[in-house]
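Read through the structure below, which is laid out as structure tokens, and then see the notes.
Laboratory data are not the source of any read-out in this text; all were calculated from the coordinates shown. No experiment lies behind these values; they were computed from the predicted model shown. For neighbour counting, all protein chains shown are included, and Cβ atoms are generated from backbone atoms with ideal geometry for every residue, glycine included.
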Amino acid sequence: GQVPVVIPPVAARAPQGAGLQAGPEKCGVGMILKQTGGVLMVKRMAEGGAAARSAKVLEGDTLVKVDGVVVTTAEEAAESIVGPAGSQVSLLFQRESNGKRSTVTVNLTRMP
């Protein structure tokens, strides 16, 4: 089943980047996603963020699932990825290299 993600009401009302700039106890993994139709591609990663530090996430990877739940919009991804600092999140990516598609699961720790 789906696990509800509680976003603080302040983040939901934030004018720009709602859900991405949550309060100090809620944080993500430092990925900037680009949405094209129903496809979410990793555009870049925040230096020093969990995604960049893992060296397992590559720019151009396509985000498919967060904690086993399919995400198709940047909003869904942000709401699913943001969570308590120090908690784990599992991300499933699709990656294309040399014309072959593969899937990669990356487990990251949310950090401020």
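Enumerate the calculated ³J(HN,Hα) couplings along the range 102-112 in order (Karplus 6.51 cos²θ - 1.76 cosθ + 1.60, θ = phi - 60°), each rounded to whole Hz, writing x wherever the residue is Gly or Pro.
Taking θ as phi minus 60°, the curve returns 9, 10, 10, 9, 10, 9, 10, 9, 5, 9, x Hz for the range 102-112.
With the crude spin-label approximation of a point 7 Å out along Cα→Cβ, what separation in nm comes out for Ala85 versus Met111?
1.2 nm
What does a probe at Val39 reach in the range 78-110, counting residues whose amide N is under 12 Å from the point 7 Å along Cα→Cβ?
94-96
With Cβ to Cβ distances under 10 Å as the rule, what net charge do the other residues near Gly30 carry (K, R +1; D, E -1)?
Residues near Gly30 contribute +2 overall.
Would you tally the net charge around Asn107, using a Cβ to Cβ cut-off of less than 12 Å, leaving Asn107 out, and scoring K and R as +1, D and E as -1?
Net local charge, Asn107 excluded: +1.
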